[in-house]
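Here's the structure we're looking at; comments come further down.
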Amino acid sequence: MRAWQVVSPAPVAAHPLELVDVAPPTPGPGQVLVRVAACGVCRTDLHVAEGDLPVHRPRVVPGHEVVGTVELPGAGATRFAPGDRVGVAWLASTCGRCRFCRRGDENLCPTATFTGWDHDGGYAEKVLVDEAYAYRIPDGLADEQAAPLLCAGIIGYRALRRAELTPGGRLGIYGFGGSAHLTAQVAMHQGAEVHVMTRSAEARTLAAELGAASVGSADAAPPVPLDAAIVFAPAGEIVPGALAALDRGGILVIAGIHLSDVPPLRYEDHLFYERQVRSVTANTRRDGEEFLSLAGRMGVAATTVAYPMARADEALADLAGDRVTGAAVLLADRP
Ligand SMILES: [Zn+2]
Ligand SMILES: [Zn+2]
């Protein structure tokens, strides 16, 4: 099968990915082999390709927003039947025994493994997944629209939960890409007033179309004090301004897996009055199940830009260059 591998992590301009021919993987006990229909392109793929994240598996195949159909269940795998539509997401395994797993925080498991980093992902014709970590995709969501939900959507949902926004509260969103535009829809569906700050003019237009109460440039101050804010852009320099924009008791959530350094903070301007900063680390399967069921019910509409699987490197370069509005999705060639 054809698969994209990160041969040697480097800036996308240096083409760190290579399209190669490899033998399709064989499902082990409890795993299923999935034929990829669509795979979203996440900023984390860029961090893996460019070496912002350390190499966990040499020549890894990126991609952790996979929608496909079960082709072959491995020994003892009974949850899905061949032909079932499933999603393969970032969280690939946890130990189930450590203190974090036991208390319901499996996203913090120190030995968790991840799709497209520790295991080969969905920039390929086929991918393996442990059936216990696969998701059913709600009917009514097309493959292309469902793919970005699997990381961008789920992580955004966890970030929103960690923002603890009260109904009708004011939420600031910094950066407006794949994850943010889905999170904004969920927040508005739950009654939030959403203010979007982003450097991309196209993204500002999309935010306004989706119903944002205000849109502004990346360093703009929102027109009202915020009850909570989520930073989606991987830019630490946004953090002081976002903290300053919080009302008393406000919560700032940083949603990315990678952030450039945060400049020095001033206690009085940025933290006093019980403002809080929280990070988001991966997600639990419960986050995923809850979000996908919510997305199916409320009909979350992912704005997507489709690329053929054979142009994955171009999709990543476009993401790196801020040329994607919404979420980029790789589509498998029709057999
Ligand atoms: Zn664990
Ligand atoms: Zn991701």
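A few points about this structure:
- Solvent-free Debye scattering, log10 I(q)/I(0), computed from the Cα coordinates of region 200-335 at q = 0.14 Å⁻¹: -0.87
- Net dipole in debye of the chain [+1 Lys, Arg Cβ; -1 Asp, Glu Cβ; about Cα centre; nearest 20]: 760 debye
- Principal-axis tilt of helix 178-189 within the chain, Cα atoms, nearest 10 degrees: 60 degrees
- Our estimate of slack between Asp219 and Ser8, defined as 0.36 nm per intervening residue step minus the Cα-Cα distance, is 72.5 nm.
- Entry note, region 246-331: relative contact order of 26 percent, from Cα contacts under 8 Å with a spacing of 6+ residues.
- Mean separation of Cα contacts under 8 Å, 6 or more apart, over the residue count of the chain: relative contact order %: 18 percent
- Computed on the chain, the Cα convex hull volume stands at 129 Å³ per residue.
- Within the listed set Pro73, Pro58, Pro263, the residue fluctuating most in the Gaussian network model of the chain (springs between alpha-carbon atoms under 10 angstrom) is Pro263.
- Between the C-alpha center of region 243-307 and that of region 79-102 there is a gap of 23 Å.
- Angle in degrees between helix 201-210 and the longest Cα principal axis of the chain, rounded to the nearest 10: 90 degrees
- Positive-end residue of Ile137, Thr111, Trp90, charge dipole of region 55-141 with Cβ unit charges: Thr111
Each value in this text was obtained by applying a stated rule to the coordinates, not by laboratory testing. Everything numeric here is computed off the predicted structure, so don't read it as measured data. Cβ coordinates were reconstructed from backbone atoms using ideal geometry, including for glycine residues, and neighbour counts include every protein chain displayed.
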